[in-house]
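Scroll down for the structure; my scribbles are underneath it.
The values are calculated or read from the model by the stated rules, or taken from the named source; none is laboratory data. Please read these numbers as outputs of a predicted model, since none were measured by experiment. Glycine gets a Cβ as well: all are built from the backbone with ideal geometry, and neighbour counts include every protein chain shown. Side chains included, ligands, DNA and RNA excluded: accessible areas come from the protein's heavy atoms. Shrake-Rupley method; radii C 1.70, N 1.55, O 1.52, S 1.80 Å.
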Amino acid sequence: MIKTFSGFAIAGLMAGFLAAPAQAQTAERVERSMERGLKRATTGEPARINKAMTQAQARRACQSEMRGSGESGSSIRTKMRFCMNQKMQGN
């Protein structure tokens, strides 16, 4: 009886030791998969939140608004900076 019980206990421990590396590999695989999924989700063009633009989009929009204005270069730069900040915040 005791030998049978200890035999089962040893077999269970050995199975646990053999399964532990497989579980660690599975956990690593799941973690890598999640990282890839997160990377895929965060790359590319950002989602539009309250009409917010990326920096490139805001620059293009502001340049088209400023085109043809007969102002000095420094005032245009100041207005461009303000315009871009507003458009990137969605205002």
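Here are a few things to note about the model shown:
- Residue count, the stretch 74-91 (criterion: open to solvent by 40 Å² or more (accessible area, probe 1.4 Å) and either farther than 12 Å from ALA52 by Cα or not in a loop (DSSP other than H, G, I, E, B) (or both)): 12
- When ARG36, ARG32 are checked against the criterion of being of a type in the set (Lys, Arg), assigned to a helix (DSSP H, G or I), open to solvent by 100 Å² or more (accessible area, probe 1.4 Å) and modelled with pLDDT of 80 or more, a single residue qualifies: ARG32.
- Scope the stretch 49-91; condition without any contact (Cβ under 8 Å) to a residue 24 or more places away in the chain and hydroxyl-bearing (Ser, Thr, Tyr); matching residues: SER64, SER69, SER72, SER74, SER75, THR78
- Restricted to the stretch 47-73, and to residues there that are of a type in the set (S, T, N, Q) and assigned to a helix (DSSP H, G or I), the residue that is nearest to the chain's Cα centre (by Cα) is GLN55.
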